[in-house]
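Here the structure is laid out as structure tokens; the discussion comes afterwards.
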């Protein structure tokens, strides 16, 4: 998700002064974990530097920030992290946590953690799920169907459904939203290290793990959330806290403090005029956004390598499709603009001598201009001429 230019999302601002990784670290510490026992997994030197800068002052030792090969894949990196912990303490209880989510309700989060820890200590690995009523989140995440006839606080998982929108379309998503026995997988797991490695000994071997993860696709062999839940015999704890997966710009917008009248959210140096229901992010201190007549969009401005300014204007309802924008910004091609489901958008010439890249998704009549000011600050003007949300029926013949 292109919210921070060269800064990975986990280390980008969740709110103005707090990043995603700082926020989840604080919640985990408040739940009873010591900062000195938190292991942070990164996949390159740049991420490691960000982690040291943001979590070091919070008490996480630099020796606890561990870099793994990015080719493992997400779940295999988790396996590798458990193996790393087991080298030091085989009987440790491992709490596996993503770092790009938003949680509110510390007391209820603590309650779920306490229950999960209690059962993991007894040799029963646990997944934490929450009930969500957002179709985008339900459709794009893993979902666990459980035995609702049981009294709890843990439940048998009867079925794990990964990304139902992809495998069953909108009808499957609607059914899950209506079901009383299905929750979204938060990505929080609690498991004893020795128990995990007994099931997945490959996690201790670098080459074996990488080869095993990349080449095995059978449900009973490959390592993914579905097979991990099944093979470890995980139980389910249902969290009562509020949870948002911030994998999309729309989700990122929803967790912000919105202005009372026009429902806008701004991060960084931003001025607005006649905008509504939109998200504005300036991810670099020297970049100022001035937006006018922008509705129902996300406007992101950042600076890439060699001073290249990157501006994206995205229809919030299409924020699941921003992967192509990320690819465009990271490419070395000569193209100055990217456009999808968009019409009549313009990059206006300016006095900025370095390259400007602009991406448009699901919008129309947008004007982008980048100017360099006398104090070396950069002004990004984004304005709309009339309605800025593009509809397919508006397309010219």
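The values are calculated or read from the model by the stated rules, or taken from the named source; none is laboratory data. These figures come from a predicted structure and were not determined experimentally. Neighbour counts run over all protein chains shown; Cβ positions are idealised from the backbone, glycine included.
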Name the pairs whose Cβ atoms lie under 6 Å apart, with the first residue in the range 101-121 and in contact (Cβ under 8 Å) with a residue 60 or more places away in the chain, the second surrounded by fewer than 15 Cβ atoms within 10 Å (Cβ to Cβ) and not in a helix (DSSP H, G or I), and 6 or more positions between them or separate chains? 104/242; 105/242; 108/240
In the range 36-46, the residues that are in a loop (DSSP other than H, G, I, E, B) and at pLDDT 85 or above: 38, 39
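Take the residues of the range 304-318 that are more than 20 Å from residue 275 (Cα to Cα) and at pLDDT 85 or above: which is surrounded by the fewest Cβ atoms within 10 Å (Cβ to Cβ)?
Quick first cut of the range 304-318, residues more than 20 Å from residue 275 (Cα to Cα) only: 304-310.
With the extra rule that they be at pLDDT 85 or above, the set shrinks to 308-310.
Values: 308: 14, 309: 23, 310: 25.
Of everything passing the filter in the range 304-318, 308 is surrounded by the fewest Cβ atoms within 10 Å (Cβ to Cβ).
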What is the residue count in the range 7-35 for residues that are crowded, with 16+ Cβ neighbours inside 10 Å and modelled with pLDDT under 90? 10
Among the residues of the range 353-369, what is the count of those that are buried (at least 17 other Cβ atoms within 10 Å of the Cβ) and over 19 Å from residue 275 (Cα atoms)? 4
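Let's see how each residue does on (1) within 20 Å of residue 242 (Cα to Cα); (2) exposed (fewer than 13 other Cβ atoms within 10 Å of the Cβ):
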position	(1), (2)
165	no, no
169	no, yes
180	yes, yes
189	yes, no
192	no, no
197	no, no
200	no, no
I'd like the residue in the range 219-268 that is in a strand (DSSP E or B), within 21 Å of residue 99 (Cα to Cα) and in contact with a helix residue (DSSP H, G or I) (Cβ under 7 Å, 6 or more places away or on another chain) and, out of all such residues, is modelled with the lowest pLDDT. 245
Does residue 117 count as crowded, with 21+ Cβ neighbours inside 10 Å, within 21 Å of residue 243 (Cα to Cα) and out of contact with any helix residue (DSSP H, G or I) (no Cβ under 6 Å at 6 or more places or on another chain)? no
Tally, over the range 269-286, of residues that are in a strand (DSSP E or B), without any contact (Cβ under 8 Å) to a residue 40 or more places away in the chain and surrounded by 18 or more Cβ atoms within 10 Å (Cβ to Cβ): 4
Please verify whether the range 370-384 includes one or more residues that are free of Cβ contacts under 8 Å to residues at least 24 places away in the same chain, within 17 Å of residue 287 (Cα to Cα) and assigned to a strand (DSSP E or B). yes
Here are some residues: 289, 300. Which one is modelled with pLDDT of 90 or more, assigned to a strand (DSSP E or B) and under 23 Å from the mean Cα position of the chain (by Cα)? 300
Could you tell me whether any residue of the range 319-337 is surrounded by 23 or more Cβ atoms within 10 Å (Cβ to Cβ), modelled with pLDDT of 85 or more and over 18 Å from residue 19 (Cβ atoms)? yes
